[in-house]
Amino acid sequence: MAEPKRKTSKQRKHKRVANWKLSAPTLMECPQCHEMKQTHRVCKHCGFYDGKQIVEVKQEKE
């Protein structure tokens, strides 16, 4: 099996592991119900996407 010719330095190793964090999803306001939703997704609260009713959302009893 191949062996490394030189030791991997701490700096090189830490640079490789430094970029593991995830970014937060982009949110925007729904034009129908004004709740926050992910871009290019159907709104969970009202079921609208691109000005059209896509999903029928059941209203919860309060």
(request) Starting from segment 24-37, take each residue that is without any contact (Cβ under 8 Å) to a residue 60 or more places away in the chain and at negative phi and list its partners that are of a type in the set (G, A, S) and surrounded by 11 or more Cβ atoms within 10 Å (Cβ to Cβ), counting only C-beta distances under 9 angstrom and pairs at least six apart or across chains. (result) Q32/G47
(request) Kindly provide the set of residues from segment 20-62 that are hydrophobic (A, V, I, L, M, F, W, C) and outside any loop (DSSP other than H, G, I, E, B), ordered by number. (result) L27, M28, M36, F48
(request) Find all pairs meeting these conditions: Cβ atoms under 9 angstrom apart; at least six residues apart or on different chains; first residue within segment 46-62 and farther than 17 Å from H34 by Cβ; second residue of a type in the set (V, I, T) and at pLDDT 90 or above. (result) I54/V42; V55/V42
(message) Which condition from (1) surrounded by 12 or more Cβ atoms within 10 Å (Cβ to Cβ); (2) at pLDDT 95 or above is the one that E29 breaks?
(response) (1)
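The values are calculated or read from the model by the stated rules, or taken from the named source; none is laboratory data. Note that the coordinates shown come from a computational prediction; the quantities given were computed from them, not determined experimentally. Methodologically, a virtual Cβ is constructed for each residue, glycine included, from the backbone with ideal geometry; neighbour enumeration extends over all protein chains shown.
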